[in-house]
Amino acid sequence: MQDLLKKFEHHFRAMNHFDRDHGLQFTIHAPGSITYELTIQEKHLSSPGVAHGATIAAFMDCVLGLSALSLALTEGNLTSTVEFKLNFIRPARLGDKLVGTGLIDYKGKSLIIASGDIKLFTGELIAKGLGTFNTYPLEKKGEFYAALNS
């Protein structure tokens, strides 16, 4: 199990341009339990000093999605986002260091529901999210499947 997750981490980091381009860093603690980190940069702003809501939404999709994906992989599956809900609590500002945590609330035959929080490193809540993810066989992504099974 740990070998699969380590191999996945390596290949996911290499192929995931979005994470790299936005300065996102993740840690998989266990299947279904992850953290992501993001420091708000100028490219994330919508008005002077305040992060665009889309930055927080994309960050939450990463948090929820990786939580679901890290669990689905243990059964030979990948995931795709079906929907997610996001509550904005307070704005994130230039230079804020954010940490997102994701956990699994439910795992069914073909759906996974994950919840997540985005907080400042000081602990103040920025946003809460809930997402639903469809699972599908890893073999459908041939290139990724080959890399994980090499």
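The values are calculated or read from the model by the stated rules, or taken from the named source; none is laboratory data. Worth saying up front: this structure is predicted, and the values here are computed from it rather than measured. Counting neighbours? That spans all protein chains shown, and the Cβs are built from the backbone with ideal geometry, glycine included.
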(Q) Just to verify a result, which residue in region 6-39, among those that are out of contact with any Ser or Thr (no Cβ under 7 Å at 6 or more places or on another chain) and among the aliphatic types (A, V, I, L, M), is nearest to Ala127 (Cα to Cα)? (A) Leu38
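Yes/no matrix, rows are residues, columns are (1) modelled with pLDDT under 95; (2) surrounded by 13 or more Cβ atoms within 10 Å (Cβ to Cβ); (3) within 16 Å of Leu24 (Cβ to Cβ):
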position: Gly53; (1), (2), (3): no, yes, no
position: Cys62; (1), (2), (3): no, yes, yes
position: Ala68; (1), (2), (3): no, yes, no
position: Leu73; (1), (2), (3): yes, yes, no
position: Phe88; (1), (2), (3): no, yes, no
position: Leu94; (1), (2), (3): no, yes, no
Q: Could you tell me whether Gly123 is within 23 Å of Gly32 (Cβ to Cβ) and either surrounded by fewer than 13 Cβ atoms within 10 Å (Cβ to Cβ) or free of Cβ contacts under 8 Å to residues at least 12 places away in the same chain (or both)?
A: yes
(Q) For region 35-51, give me the residue count where each residue is out of contact with any Phe, Trp or Tyr (no Cβ under 6 Å at 6 or more places or on another chain) and either outside any strand (DSSP E or B) or aliphatic (A, V, I, L, M) (or both). (A) 10
Q) Applying the selection to region 81-135, what residues are farther than 16 Å from Leu64 by Cβ and either under 13 Å from the mean Cα position of the chain (by Cα) or of a type in the set (Lys, Arg) (or both)? A) Arg90, Arg93, Lys97, Lys109
Q) In region 26-45, what residues are more than 23 Å from Ile112 (Cα to Cα) and either surrounded by 13 or more Cβ atoms within 10 Å (Cβ to Cβ) or touching a His at 6+ places or on another chain (Cβ under 6 Å) (or both)? A) Leu38, Thr39, Ile40, Gln41, His44, Leu45
(Q) With the structure loaded, tell me whether Lys140 is surrounded by fewer than 16 Cβ atoms within 10 Å (Cβ to Cβ), within 21 Å of Phe12 (Cα to Cα), in contact (Cβ under 8 Å) with a residue 24 or more places away in the chain and in contact with a strand residue (DSSP E or B) (Cβ under 9 Å, 6 or more places away or on another chain) or whether it fails that test. (A) yes
Q: Give the residues of region 26-60 that are farther than 19 Å from Phe88 by Cβ, small (Gly, Ala, Ser) and within 11 Å of the chain's Cα centre (by Cα), sorted by residue number.
A: Gly32, Ser33
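Table: residues versus (1) in a strand (DSSP E or B); (2) among the polar types (S, T, N, Q); (3) under 13 Å from Ala72 (Cβ atoms); (4) modelled with pLDDT under 95.
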{"site": "Glu83", "(1), (2), (3), (4)": "yes, no, no, no"}
{"site": "Pro91", "(1), (2), (3), (4)": "no, no, no, no"}
{"site": "Thr101", "(1), (2), (3), (4)": "yes, yes, no, no"}
{"site": "Ile113", "(1), (2), (3), (4)": "yes, no, yes, no"}
{"site": "Lys128", "(1), (2), (3), (4)": "yes, no, no, no"}
{"site": "Thr132", "(1), (2), (3), (4)": "yes, yes, yes, no"}
Q: Just give me the residues in region 1-25 being exposed (fewer than 12 other Cβ atoms within 10 Å of the Cβ), of a type outside the set (A, V, I, L, M, F, W, C) and under 15 Å from the mean Cα position of the chain (by Cα), in sequence order.
A: His17, Asp21
